[in-house]
Amino acid sequence: MGRGKIEIKKIENTTNRQVTYSKRRTGIMKKANELTVLCDAEVSLIMFSSTGKLSEYCSPSTDTKRIVDRYEKVSGINLWSAQYEKMHRTLNHLKEINSNLRKEIRNRIGEDLDGLDINELRGLEQNLDETLKIVRQRKYHVISTQTETYKKKLKNSYEAHKGLLREMEMNDEQPIYGFANDDPNYENVIAVTNGGDHVYEYRVQPSQPNLHRMGYDSHDLRLA
């Protein structure tokens, strides 16, 4: 029993349409390859799916560009003339823009002013004044930002300096102790000090026998 005839129309279901495209694409690629092998034909096949995916086949003995060139020669149709003219117009437009920009740059640095009339010179002067104003505003902003940064750094340095001074004052207020003998010259005090004002001296009494053996003579314990 043969298959029923399929009506040729667009498949509305997206999934079914994609499946059908994939199957028929494989079949037409196979037929193109068979034509190349069996008939020694030069075949170029280009396809785009509804999603824009490219699929192509070209006979191994040629390439797509050579096929297109042969088509243009045989049919007398120039496929690239319209695109070439469009690209040529775009190139000329870009060249004109580039020339005008170069001329404007030369005018802004004081060159090629001979060809300008009074209105063009006034417009150039106004543009330069506006540009100078913008540059000055930017300069003042940068200076202000740098000044604020330096002020913050100076404040931090000042706070660190104050902290170090407070720490030194606290260290100077702590009493420092040392041993001394009966010599009234207090400069002989053995003490660990950096010149602080609060230095205390211990004197050892002779009633302690252990200290006699250490070489101390008549001593007493006093707090000076």
Inter-part gap, Cα centre of region 84-105 to Cα centre of region 6-48, in whole angstrom, is 45
Over 26 Å (Cα to Cα) among Lys30/Lys53; Lys65/Lys95; Lys9/Lys31; Lys9/Lys86 -> Lys65/Lys95; Lys9/Lys86
Per the charge dipole of region 14-78 (beta-carbon charges, Lys/Arg positive, Asp/Glu negative, Cα centre), the residue among Ile46, Gly76, Thr14 reaching farthest to the positive end is Thr14
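Only the coordinates and a few stated rules stand behind these numbers; no lab work does. None of the values given here were measured: they were computed from a predicted structure. Here the Cβ is made from the backbone with ideal geometry for all residues, glycine too, and neighbour counts use every protein chain on show.
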